[in-house]
Amino acid sequence: MFTLFLSNVFGFDYKPNISDIKIIGLSKTKPYIIKREIHHPINFAIDSSVADLDRNRIFNLGLFDEVNWSLVPLENGDVILQFSLIESLHRIPPVILPVYDEEKGWSLRGAFLINNFQGKNRNIELNGSIGGQKKIQFMYYDPWIFGNHVSLFMYIEKSSYDHLFLDRSVQTNTIRVDLGKWHGEKIKLRFSPITSNRSFTNKDTLRYNYFIPEMKLEYDSRDIYWNPKKGIRLINKFVPMIGQNKFIIWDQSYSIYLPLFDSTHDITLAINTTLKKKWGYKADVWLSYFGNSYNIRGWDLPDVKKKSLISESYRFGHEYIFTTIEIRKLIVPKHHSRLGLLNGLSIVGFFDGGFITNDWPKIKDEKLMGGAGVGIRIPIPMLESIRIDLGWGLRERKFKRKPVIHIAIQQKF
């Protein structure tokens with residue numbers, strides 16, 4: 001028996017009957033986890049577009065380093081549709097490692113992580129840290145706990161750290177439960193009841209206790225989640241902060257991914273616009289700012305010692321809008337490479353630009369704050385990728401002379 005790809009021998013018009021579907025390469029994962037993602041029917045002619053969508057759904061589970069499909073011919077002229085999988089690392093033994101957070105600095109973190117627990121695509125994580133952030137955290141995730149695409153995520157955290165730009169220390173206690181449901185293959189609704197207790201301490205202590213019934217509506221047609229080449233993703237999130245000083249946040253994110261040239265070039269144009277609107281209580285402890293890995297790159301982080309809140313007040317606000325344009329080029333293909341961890345290595349050119357204000361009606365009076373630069377994306381098992389960007393800040397039509405390096409996990413959007 002040998003493997004026959006569609007583009008070989010018989011050409012693209014070769015459409016034999018699929019008499020069976022097989023999955024090879026599983027050692028940890030339960031077969032039914034994969035079978036429920038396969039929609040190609042048996043006893044029908046091969047439809048490569050359906051098989052490609054099946055492959056993408058399996059890959060987006062986040063359990064495999066590689067997913068391919070092929071046709072295996074039978075003597076009677078039928079074929080077997082065969083999915084070949086290479087499982088990712090699914091367990092990290094208890095380890096203690098230095099970790100870096102852009103806002104909180106270096107910490108020493110201990111973690112125990114089980115990905116794909118019991119082979120059922122369930123994730124369990126327990127971690128704690130000391131240093132820039134003192135934290136203990138427990139997380140549990142099951143994407144199919146109550147039936148067809150009903151997910152459960154539970155999160156408990158206690159942490160403390162120094163505020164980035166206010167002369168206060170912060171203590172947080174958070175309990176969060178997410179219940180999500182896919183409607184079809186592209187629309188997801190999530191409801192997340194959260195209890196949050198935060199205190200901000202200096203000479204006095206500001207305490208905020210909130211119940212947060214967060215709601216999120218998402219439309220997602222991306223082909224591959226970790227590094228999409230085509231599709232759109234639309235997110236609307238409503239965050240009512242119910243407590244003594246109540247306010248409401250409306251977060252919006254709109255992304256589109258377009259392949260440039262043809263598929264052989266592996267170049268993608270990615271565009272995102274993100275907005276934040278807020279109604280109700282506004283205080284300095286709830287301020288947002290521009291100039292980090294997740295909004296406008298190319299700027300040093302604000303610093304309490306430099307009194308950035310006063311000297312660079314244009315960087316701060318409660319409401320904002322910004323747009324990012326990236327051109328992403330795959331350098332090392334994800335599949336069939338001998339370079340190990342470099343499989344999927346990409347380079348990126350980017351431009352960020354936006355406006356931030358305390359009151360939305362005044363946003364038209366603000367000046368553009370932007371940044372441009374280049375970066376690389378290094379795939380990492382279980383984390384998707386490490387993002388390293390080198391950017392130059394832009395304001396009043398002038399770029400800063402000194403570039404800034406940003407390090408983060410996963411794509412910006």
Exercise for the section: Considering only LEU179, LEU269, LEU71, give the residue with the highest GNM mean-square fluctuation for the chain, with springs between Cα atoms whenever their separation is below 10 Å. Expected result: LEU71
Practice task
With springs only between Cα atoms under 10 Å apart, run a GNM on the chain and tell me which of ASN43, ASN209, ASN76 wobbles the most.
Solution key: ASN76
Practice task
For a footprinting-style exposure proxy, rank LYS400, LYS22 by other Cβ within 10 Å, fewest first.
Solution key: LYS22, LYS400
Handout entry: segment 26-79: GluC sites (Glu not before Pro) falling in loop per DSSP and having at most 15 other Cβ within 10 Å
Key = GLU75
Fill in the blank from the handout: The exposure ranking of MET241, MET369, MET139, fewest beta-carbon neighbours within 10 Å first, is MET139, MET241, MET369
Fill in the blank from the handout: Percent relative contact order for segment 261-413, counting Cα pairs under 8 Å at least six residues apart, stands at 23
Problem - Charge tally in the Cβ shell below 12 Å around SER196, where Lys, Arg are +1 and Asp, Glu are -1, SER196 excluded - result: +2
Exercise for the section: Before anything else, pin down the relative contact order of the chain: Cα pairs under 8 Å, at least 6 apart, normalised by residue count, whole percent. Expected result: 9
Problem - Part-to-part distance (alpha-carbon centres) for segment 349-379 and segment 17-82, which is given in Å - result: 43
Handout entry: Residue among SER288, SER192, SER27 with the largest mean-square fluctuation in a Gaussian network model of the chain, springs linking Cα atoms under 10 Å
Key = SER27
Fill in the blank from the handout: For segment 349-413 the GluC sites (Glu not before Pro) that pass both the DSSP coil test and the at-most-11 other-Cβ-within-10 Å test are GLU396
Handout entry: Selected from GLY147, PHE211, ALA408, residue furthest toward positive end of dipole (the chain; charges at beta carbon)
Key = PHE211
Fill in the blank from the handout: Taking Lys and Arg as +1 and Asp and Glu as -1, residues besides SER151 with C-beta under 9 Å from its C-beta add up to +1
Fill in the blank from the handout: Measuring from its Cα centre, segment 261-413 shows a charge dipole (+1 at each Lys and Arg Cβ, -1 at each Asp and Glu Cβ) which, in debye to the nearest 20, is 320
Handout entry: Cα→Cβ-extended label distance, 7 Å offset, between HIS183 and TYR100, nm
Key = 4.3
Completion exercise
For LYS305, counting only lysines whose alpha-carbon sits under 18 Å away and dropping same-chain residues fewer than eight positions off, the answer is LYS104, LYS203
Problem - In segment 113-210, the GluC sites (Glu not before Pro) that fall in loop regions by DSSP, at most 15 other Cβ within 10 Å - result: GLU185
Fill in the blank from the handout: When ASP54, ASP178 are arranged by how many other beta-carbons sit within 10 Å of their Cβ, fewest first, they go ASP178, ASP54
Problem - Computed magnitude of the charge dipole of the chain (debye, nearest 20; Cβ of K, R +1, Cβ of D, E -1) - result: 1340
Completion exercise
Taking a straight Cα-to-Cα line shorter than 21 Å from LYS246, and setting aside same-chain lysines fewer than 8 residues away, one finds LYS216, LYS237, LYS276, LYS277, LYS278, LYS282
Completion exercise
The distance between the Cα centres of segment 289-322 and segment 103-130, in whole Å, is 30
Exercise for the section: Report, to the nearest 10°, how far helix 48-59 tilts away from the longest principal axis of the Cα atoms in the chain, using its own Cα long axis and a range of 0 to 90°. Expected result: 50
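We did not get these values from a lab; they are worked out from the coordinates using the rules stated. The shown structure was predicted, so the numbers you read here are calculated from the model rather than taken from an experiment. Note: ideal-geometry Cβ built from the backbone for every residue, glycine included; neighbour counts use all protein chains shown.
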